[in-house]
Each structure stands twice: as C-alpha cells, then as structure tokens.
Amino acid sequence: MQGKLDHVAIAVRSLDEAARVYAQLGLGALRTCTMDEMGVRVGFLAAGASQIELLEPLRPDSVVGKFLARRGEGLHHICLEVDDIEASLAELAAQGVELIDRTPRQGAEGRVAFIHPRATHGVLIELVQKH
Ligand code: ZN
C-alpha cells in the first residue's frame, strides 16, 4: 500500500466560524457539502497539495457529534489517498491491522474506509480512493 496525505480532518462546533479562523492562516477557499446520512457538514480548505477538512455535526447523536461531546474540538482523523482501496484493505487485513471498515463506503470525495485508531497509535486513519 502506498498512501499519500490527502487531508487532515478537524471536528468543529461551527464550520463557518472555524473557516473564518483558518482563512487567517491563508486557507481560504472553502468548499462545503452536507452528508445527511452521516449527520455531518463537511468543508474542505485547500492547503498546498493536501487539504484541511472541517467536520461540523448536524446532530448531537452523529459520529462527529458524539466525538465533540466526548473529546471536544480537535484532530478527528487523517486521510491517505490510495490507488486501489480494496487491495489496500486486503493488504492491511492480511497484516493483522485492525480495520473499522473491511469494505469501502461512499465518502465526500470518493470511496473511503477507516483504520481503527488502536492500530495506529491513537489516530483514526481514513483511506480514500478518488477514482
Ligand atoms: Zn476525511
């Protein structure tokens, strides 16, 4: 598996408020989308070859809503882009890496799957295949 850093995701209470702060760091061009089934509003900020992803919960009982209640705002996950997500998942599973998703699901920017933070020293890692 060869992954390259696609984005760093940050859980925030208000996407608009966070985007204003990140604009002060030169991360201005915000693209947003809403993923109703996940209960999250997502904003992407261009940061060179990678992006910053801001995650605002739409409901307190969503994954990000529960994360905010438990841990507050901050780093939620990092995302690595791979060429073949099925092959990457099979390779990781064969090495005994603990996966949250054994098969990919639809994400904001392609098919995604998550690796359990227990397997990666405390950081939730998302894999994405964009095409
Ligand atoms: Zn992400």
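The values are calculated or read from the model by the stated rules, or taken from the named source; none is laboratory data. Please read these numbers as outputs of a predicted model, since none were measured by experiment. Every residue, glycine among them, receives a Cβ derived from its backbone with ideal geometry; neighbour counts consider all protein chains shown. Heavy atoms of the whole protein, side chains included, go into the accessibility calculation; ligands, DNA and RNA do not. Shrake-Rupley method; radii C 1.70, N 1.55, O 1.52, S 1.80 Å.
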Phi-derived 3J(HN,Hα) across the stretch 30-45 with the Karplus relation (6.51, -1.76, 1.60, θ = phi - 60°), rounded Hz, x for Gly and Pro, is 8, 10, 10, 8, 10, 10, 4, 5, 8, x, 9, 9, 10, x, 10, 10
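If you take every DSSP beta bridge whose two residues both sit in the chain, what share of them, in percent to the nearest 5, is antiparallel?
The antiparallel fraction comes to roughly 75 percent.
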When the charge dipole of the chain is computed with +1 on Lys and Arg Cβ and -1 on Asp and Glu Cβ about the Cα centre, the Cα farthest towards its positive end, among Phe114, Val42, Thr103, belongs to Val42
accessible surface per residue for the stretch 4-130, probe 1.4 Å, DNA/RNA/ligands not counted, whole Å² -> 54
With +1 at each Lys and Arg Cβ and -1 at each Asp and Glu Cβ, the charge dipole magnitude of the stretch 4-130 around its Cα centre, to the nearest 20 debye, comes out at 360
Given a Förster distance of 22 Å, the FRET efficiency implied by the Cβ-Cβ spacing of Glu73 and Leu99, rounded to the nearest 0.05, works out to 0.25
Semi-axes (Å, rounded, descending) of the ellipsoid equivalent to the stretch 4-130 per its C-alpha gyration tensor are 24, 17, 13
Log entry: pair-distance distribution for the stretch 1-62, C-alpha pairs binned every 10 Å from zero, whole % per bin is 23, 50, 23, 4
Whole-percent carbon and sulfur contribution to the accessible surface of the stretch 40-131 (1.4 Å, no ligands, DNA or RNA) stands at 53
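Can you give the extra length, in nm with one decimal, that the chain gains between Ala23 and Val123 once fully stretched, where that is 0.36 nm per residue apart less the Cα-Cα distance?
Length gained between Ala23 and Val123: 33.5 nm.
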If each part is reduced to its alpha-carbon centroid, the stretch 109-131 and the stretch 1-46 end up apart, in Å, by 16
Residue-normalised 222 nm signal for the chain, counting each DSSP H run of n ≥ 4 as -39,500 (n - 2.57), nearest 500 deg cm²/dmol, is -6000 deg cm²/dmol
Going residue by residue through the stretch 114-128, the Karplus relation 6.51 cos²θ - 1.76 cosθ + 1.60 with θ = phi - 60° gives ³J(HN,Hα) values, rounded to whole Hz and with x marking Gly or Pro, of 10, 9, 5, x, 4, 8, 10, 6, x, 10, 5, 10, 9, 9, 10
